Structure formats: C-alpha cells, structure tokens
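Written out below as structure tokens is the structure these notes cover.
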2 protein chains.
Amino acid sequence: MNAEIICVGTELLLGNIVNTNAAFISERISRLGISCYNQCVVGDNMDRCLAQLKESSSRSEIIILSGGLGPTEDDMTKEAVAKFNRLPLVEDKKSRKAIEEYFAKRKMEPTANNWKQALVPKGAKAVPNANGTAPGIILETKSCTYILLPGPPFELEPMFEKQIMPYLASLQSGVLYSKTVKIVGVGESRAETMIMDMIDAQTNPTIATYAKAGEVHIRVTSYASDKKEAAKLVKPVVKELQHRFGSSIYTTDENVTLERAVMDLLVSESLSLCTVESCTGGLISSRIVSESGASDILKCGFVTYSNESKTELVGVKKSTLDKYGAVSEQTAAEMAKGGAKASKSDVCISVTGIAGPGGGTKAKPVGLVYIGCCVRGKVTVKEFRFSGNRNKIRILSATNALILARECILEYKNKIG
Amino acid sequence: MNAEIICVGTELLLGNIVNTNAAFISERISRLGISCYNQCVVGDNMDRCLAQLKESSSRSEIIILSGGLGPTEDDMTKEAVAKFNRLPLVEDKKSRKAIEEYFAKRKMEPTANNWKQALVPKGAKAVPNANGTAPGIILETKSCTYILLPGPPFELEPMFEKQIMPYLASLQSGVLYSKTVKIVGVGESRAETMIMDMIDAQTNPTIATYAKAGEVHIRVTSYASDKKEAAKLVKPVVKELQHRFGSSIYTTDENVTLERAVMDLLVSESLSLCTVESCTGGLISSRIVSESGASDILKCGFVTYSNESKTELVGVKKSTLDKYGAVSEQTAAEMAKGGAKASKSDVCISVTGIAGPGGGTKAKPVGLVYIGCCVRGKVTVKEFRFSGNRNKIRILSATNALILARECILEYKNKIG
C-alpha cells in the first residue's frame, strides 16, 4: 500500500514554520509498512489544491492532508477534497455537538464560522478531535482514501496515534510489528558494518539503520498474519543485535529517549543527579527536565559559564583554572566532583568546552569539549573534538554527556552488583 | 518570479529527519520577493525525480533542489537534472581541486566516489562549498533555472546565504529591501488589529505579520530600482510601527533574537545576569548561552528543580514553600531575589511552574507558571496560565521570562536615566 502527504498552508511556503507534520506522519506510516514516495506542500489556494489532488490521486492509494481545517475563509482543504470528488458538504451531528461542548466548557461563544468545522464531504467519517474544534475526516472513494487532519501538531499527533494508526492498520491484510534498538557509542558506519550480513540477508523482518546526533537506531520490522506471529519473527533478530552490540544498546523501545534511559537507570540504582554545565549552558538539565518524573532524580543543576562561578558554586580550584584553563580535563573533573559535593548528589555530569565561533586557539580549537562524570566519588573525564557550528557542538556535547553518564552508572552498577 | 523547492532524500520520506531545508529556503526566497507555490519531497529514485522535474518545470521558473549530491550510488539529484535536460556530466576543474584540498587538509585519502562530486551538467556553474565536498550547481536552461544544493543544513545554509541569495537577487530587475519589526507582549490578533489600516493600504512596501511562540514579527518589504530608494520606502512605515508599538518592539533587525536583545540591553547597562529555573530546567540559560558573547553578562544559572535546592542554593525560605507551595508568586520572588544574592548578579530571572502532564490540581492546574525578575533588588513577579503539552509550556515559559526580564531592565533604565 502506498500513501502520500499533502500539507496545506501558506505559512509553510513562506518558511514561517518548519513542517514537522510531514516528518511525524511519514515516520508513523513507515512503521505500518505503508510506502510513502511523495510529500508536498501547497498554499491555501483552491486551484493549486485541486491540481495537487489530481496529481496525487493518480499515483497514491492513500492521500493524507494536514492543515486548512480551521474556521476561517482561508481554510479550504475540506472544500477542495469535496469539490475534487464532486461531493456536497453535509453537517456531521456529532461534530456539531462536540463543537458546542468545546465552547461551553470554556465558557466561550462560538462564532458563525465555527459551525463550518462540523461539515464533512457526504459519505465521509468525522474523526473526533480531543484537542481542538476541527474534526479529522476519512473519505473512502473508489480510487483513493483521503485522510484530512488538523494542522496544529498538538491536535494532529494525538489524533493520528489514537485514531488514524488503528484505521490504517485495519486496511492492511497482515500485521506489522517493530522494535527499535537504540545504540550509543558506536558510529553509524561501524554499526552498519557490524550488521552488514544481517542487512544483506533480510527479508522478513527487515532491518534499517538511522543516525541521530550521537546515536544509531536500528529498526527491525516484521510482517505476519497476527501480532503474536510478527513479534515471534522480530525476537531472534533483536536478540542477535543485543548479542552484537551488548551494553551499547540503551533501549529497544521506540518511545524511550536517551535522557529517559539515563533517568530510569538512576531510579533503579537509587542515585540522585546533578549537572554542572559550561558551554552547554543548561541543555543537559533541560533535556532531563523535558521528561516527566525528573523530580525523582534531579537534585539541581549549575550553569557555571564564568570562571568565577566554577570556583564559587562547585569549588573548582583557582589554581586549576590558572594552570590548565577552564577547558581542560582537570577542570571538568573538579566540576563533576565539586558539583556532586555541593549538591550532595550521587552522580554529577560536567561539561566544559569551546563551542565557538570565537575563543578557539591552535592548542584548544573550537569543538574541543571535556565531559566529566562523577559516580559516588569516582570521576571519569573524556575528551571530544566535535565539528560544526556553535549549536551543533553544544547538542553533541549534551548527547555525549548523557552517554558518558550512562556508561559510568552501568560500570558502577556492575561493580556493586 | 516564482520558484519551487524539491528536497531529495528517502530519509525525509521515512520521517527520520525534519525538513528544515524547505523552511530555510522558503523563508529566504520570500524575503527576495520570489513567490513559492510548491514544496515537495521525493526519494533517492531516478524515475520519481524525473517525474517531479517534469511536473515542476511545467509550472515554475526556478527549481531549487536540495540533497542527493553526496558521493554514493544513492545520490542522483545531479544525474536526474542532467538526464532530464539531456546534458552530459563533465568535470569541473575547480571543484576537483577543492575536493583534493579538502582531503589534503584533513590528511585523508579521497575514495573513487568522491571525484563524482566534481561533475556538473555541461554548461552549469559550480558553486563552491565551504563546509563540505559537494559543490552546489546552477544550471540555466531556456525554460528554467535549476539550483542544486547539498543536503546537510550546515553546508546548505551558508552556501545559500553567501552565494545563492546574491545570485537570485541579480535575477530580479529591481531591489527588495526589508526590515523586520519584532514585538513582544502584544498578541497576534491585537497586533493585526492595531495595523489593519496599514495592511489594507499596503502596496509598496508590503506588510506581513508572523506569530512565533510569544512573539509577533512584522516584516516590511519594499521594491525599488536601487537599495537606497527601497530603504527610503521602508523607513516611514517602520517609524509608524515604532510609534504604534513603542517599547514592545525589541528590534528591527531580522537577525536579532529575543535572547540577543536582552543580552545587548544588559551589556549596554553594564548589568550581570543569573537564572534560577525550575520547570524550564535550564532552557533560559541555554538560550542565553546559544548566543556567542554570553560570558560578558551571564554569571551563572541554577536549576532548582527540587524544593531542597530552592532552599539550599538560592535561599527560598522553607516556610514560604510550606505556606504557599513551590509554584507560587512568593516562591518565584524569593528565587529571583535569592539567585541575585547568591551569585552577586544585578539581574536574576526565576521560573517556577507546573509543566505537566502530572502535578496539576484544581487550584494549581497544569500550565500555571510564575516568572520573577529581580533588577538591583527590585522584584517583579507575573502569573501565567499557558496551555499545551509539557514542552510547549516550558518553551512559552522561557520566552516570557526573557520578555519580563526585558521589561524590568527597561524600567530600571528609564528610572536611572
């Protein structure tokens, strides 16, 4: 089965927003084993929408549209799909009621425009929207299935996960099942080489690798008549990957991030965390706090951007800064040890580096970063040389700090276990 | 003049990466006054590339392609454009030399594949790539102009800014000139209402508004025979906007971010900064550090996620936490005052709130956030009620903290000035 994605919105064509919907939908449908050969963006314009629908319906079985379901005159995705299929728009009673309730709950009055959102092409099914007033729409025609989704990601994403994914899965004759093996500390090309024989031999399940900043993800997807059968096909492949990559694998769950994995490890070992950040400036603590439940493990974080603060907040010796400099193995070590002490935390991650664009020298170039980790008094420091702009260096630093923390905690766990 | 964007890459169709190139290119060409009616994504597949080129060349004067210029077999954007236009690929001497130098500088050996990157369609111009081995390509044909760019954003963006923008500008008969008036503290619909008469009356310059999380940007763009003339047209409109929005405008420079504006204000008033963050967890300090020159103003940051750390690091009274709770006006005030004192900073920003998904109550729901700012001892606290998921609430909190800091510093400046 193949699908394509049409995102409707002039703001996308003007570059005012980045098209995260296309990536979100593509990623989800590829998990279902549905092929996607085209994504496109058109503005809020009837003629161009119709032209795109003509092109898309000639090559794809499923057409997923996002955006243009709002209450204003500009919004005309639904109208274009109805017109293209020569169908009238009719009111969906449940959708009208949902709109009434949405406004009543917020003690607001709907405007005349809002009722437009209860209209659907005749014969189409409305999909309730738990986070807004525009319902989604599924329209099955002889040649194509059209799925219309609201544009705002916080409306589209839950609707897609909870209602569209099961619908699309029901269109498939079999069942797809996948596990994502997430790996750190192994480069993409080395990871690929390590499993080249498996990739060459793949049929069902299939194996695909993806590189993310500092991580490699391997997705194993199987296809079978039912879920149990599909899971059975995936299991030995994941086991073989676990055998080959060992502790470099931090999770086999698609939804678990690196920060989540580090947090889970801290919780299971009853360890508390502190961060001491210089060039990352709070990026690591912010990634930890982005996951709920951070209060279970995070005692505090220090952003010690100035030399003064390194000394005053976490006790880096002035003599260390004078002798080795702020960006040095010694300073990273004292930051980690001092942060743990100042916050009475079991684990402390530290980062000090030169993110650029200025501040680099021949001996200490832009991209030189020291990352430290102290676990119950034992300090490890690693040197990194990243390339890229300021932002990329900072992101790679934060990711590698989480990777080092994971390694050090695992080492501690193995020693005491 | 109209252009369209074709991004080539299977990783985009699989949703493994978000298409930031399309947004970047769209935003830049819209600044030049070039209309963009279509963006699309196709995979690394010759037939589908050719089909897209056929479609695109029938409707657009300029076709901008990104991705697929790498050294591997998969990369075939250049080959597709050459084939579509029935042109052979020929070696560009300068590009070959650049590749030689790129590898020599890194003390690496180029592989046979790499020389493929020196090939261009006959008659095309190679565009040097300062950050990689794949040159860009400009191919002018009778019907269309093709611009081929490398996929990685850190190669594409500087090439586009420095080389493609001037080229595209040279195709225009006149000159476009724009200023972006960036506004905080005024909602989008209110801002639009305040300038509805100006929008209705616009011809040259044109006026367009864009909403960004917590900010409104108004872009004023004029068109004239030369830059001086174009700037002259923009000036009175910007002046009128300054008159209407007053100190809500933090910059009229497209490249100045809100964090940069706050930093510049701190530098000009010789004030140092400290942050004390709970639910934002380092997001504010990280935004400050993302700008170079943070060391001039940022003394340090505290991430006080736990109650303990609020007390120990910045001296929030235990009685305050007991009586009013961690998410309260009183706690935000003591965080700001205590952070300033602990770090001996002139200005301290504090944030405490409930980002969700858990932790909300009827009296203190998810989205309730208190933001404090202390400027030389004077503390201001504002209450906010944001909606959205954990991440959105955290981002809005960080933006509004920067906005409040700006307001408080301006008030201080006016008082002492």
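With an 8 Å cut-off on Cα pairs and a minimum separation of 6 or more residues, tell me the relative contact order of chain B in percent.
10 percent
Once you average over the residues of B:147-155, how many Cβ atoms of partner chains fall within 10 Å of each Cβ?
1
Return the lysines within reach of A:K227: Cα separation strictly under 25 angstrom, same-chain partners fewer than 8 residues apart disregarded; answer none if there are no such residues.
A:K162, A:K179, A:K182, A:K235, A:K239
Can you give the extra length, in nm with one decimal, that the chain gains between B:N204 and B:K162 once fully stretched, where that is 0.36 nm per residue apart less the Cα-Cα distance?
12.5 nm
Can you pull the one-decimal nm distance between simple spin-label points at B:D253 and B:D47, each 7 Å off the Cα toward Cβ?
So the label points at B:D253 and B:D47 sit 5.3 nm apart.
Count the DSSP beta bridges whose two residues both fall in the protein assembly as shown, then state the antiparallel fraction as a percent rounded to the nearest 5.
Of all bridge pairs located within the protein assembly as shown, approximately 65 percent are antiparallel.
Within the stretch A:338-354, list the residues whose amide N lies under 19 Å from a label point set 7 Å along Cα→Cβ of A:K317.
Output list for this probe position: A:338-342.
With a ≥ b ≥ c the root eigenvalues of the C-alpha gyration tensor of the protein assembly as shown, is it rounded (a/c under 1.5), prolate (a/b larger than b/c) or oblate?
Here the protein assembly as shown falls in the rounded category.
For the Cα atoms of chain A, what angle does the longest principal axis make with the long axis of helix A:329-343, in degrees from 0 to 90, nearest 10?
With both axes taken from Cα atoms, the answer is about 80 degrees.
Rounded, prolate or oblate, given the Cα gyration tensor of the stretch B:309-417, with a/c below 1.5 counting as rounded?
It is oblate, given that a/c is not under 1.5 and a/b is not larger than b/c.
Going by average Cβ density within 10 Å per residue, which order do the peptides A:145-151, B:283-289 take, highest to lowest?
Result, highest mean first: B:283-289, A:145-151.
Taking 0.36 nm per intervening residue step and subtracting the Cα-Cα distance, what contour gain separates B:A130 from B:L410 on full extension?
Answer, rounded to one decimal: 96.7 nm.
Just tell me how shielded B:310-317 is by partners: mean number of partner chain Cβ atoms within 10 Å of each residue's Cβ, no decimals.
For this peptide, the per-residue mean of nearby foreign Cβ atoms is 2.
Counting partner chain Cβ atoms within 10 Å of every residue's Cβ in A:24-36, what's the average?
3
Using alpha-carbon positions, what is the distance between the centroids of the stretch A:380-417 and the stretch A:12-55, in Å?
Here the two parts' Cα centres lie 37 Å apart.
Using 20 Å as the cut-off for backbone N distance, which residues of the stretch A:171-199 belong to the label zone defined by a point 7 Å from the Cα of A:S225 along Cα→Cβ?
A:171-178
Name the residue farthest towards the positive end of the dipole of the stretch B:1-52 from the options B:I6, B:Q39, B:F24, assuming +1 on Cβ of Lys and Arg, -1 on Cβ of Asp and Glu, about the Cα centre.
So the residue we want is B:F24.
If one computes the Cα centroid of the stretch A:66-140 and of the stretch A:263-341, what distance in Å separates the two points?
50 Å
Go through A:6-18, A:44-56 and give me the packing order, highest mean Cβ count within 10 Å leading.
Taking the mean over residues of other Cβ atoms within 10 Å, the ranking is A:6-18, A:44-56.
When DSSP beta bridges are limited to those with both residues in the stretch A:258-416, what percentage is antiparallel, rounded to the nearest 5?
60 percent
Which part of the stretch B:150-194 falls in the paramagnetic zone of B:T141, meaning amide N under 14 Å from the point 7 Å along Cα-to-beta-carbon?
none
Cα-Cα over 29 Å: which of A:K382/B:K317; A:K299/A:K392; B:K54/B:K97; B:K299/B:K415; B:K317/B:K362; A:K299/B:K341?
Over 29 Å Cα-Cα: A:K382/B:K317; B:K54/B:K97.
Write down the percent of antiparallel bridges among all DSSP beta bridges whose residues are both part of chain A, to the nearest 5.
60 percent
Would you mind working out the magnitude of the charge dipole of the protein assembly as shown relative to its Cα centre, with +1 at each Lys and Arg C-beta and -1 at each Asp and Glu C-beta, to the nearest 20 Debye?
1300 debye
Assign one of three labels to the stretch A:245-295, namely rounded, prolate or oblate, based on the Cα gyration tensor with a ≥ b ≥ c the square roots of its eigenvalues; rounded applies when a/c is under 1.5, prolate when it is not and a/b is larger than b/c, and oblate otherwise.
Prolate is the answer for the stretch A:245-295, as a/c is 1.5 or above and a/b outweighs b/c.
Just to confirm the number: angle between the C-alpha axis of helix A:93-105 and the first principal axis of chain A, 0 to 90 degrees, nearest 10?
Compared with the principal axis, the helix lies near 50 degrees.
Determine, from the Cβ-Cβ distance of A:D74 and B:E109 and an R0 of 51 Å, the FRET efficiency 1/(1 + (r/R0)^6), rounded to the nearest 0.05.
Here the calculated transfer efficiency is 0.35.
Which value in deg cm²/dmol, rounded to the nearest 500, describes the helix-derived mean residue ellipticity at 222 nm for the protein assembly as shown, given -39,500 (n - 2.57) per DSSP H run of n ≥ 4 and division by the residue count?
-12000 deg cm²/dmol
What is the dipole size for the stretch A:1-137, taken about its Cα centre, with +1 at each Lys and Arg Cβ and -1 at each Asp and Glu Cβ, in debye to the nearest 20?
For this selection, approximately 540 debye.
Placing +1 at every Lys and Arg Cβ and -1 at every Asp and Glu Cβ, with all other atoms neutral, what dipole size does the stretch B:175-251 have around its Cα centre, in debye to the nearest 20?
Once rounded to the nearest 20, the dipole reads 320 debye.
Choose one of B:V262, B:L321, B:N131: the residue whose Cα lies farthest towards the positive end of the charge dipole of chain B (beta-carbon charges +1 Lys, Arg; -1 Asp, Glu; about the Cα centre).
It is B:L321.
No lab work stands behind these numbers, since they all come straight from the coordinates. Quick caveat, the model's predicted, so the values are computed rather than measured. Glycine gets a Cβ as well: all are built from the backbone with ideal geometry, and neighbour counts include every protein chain shown.
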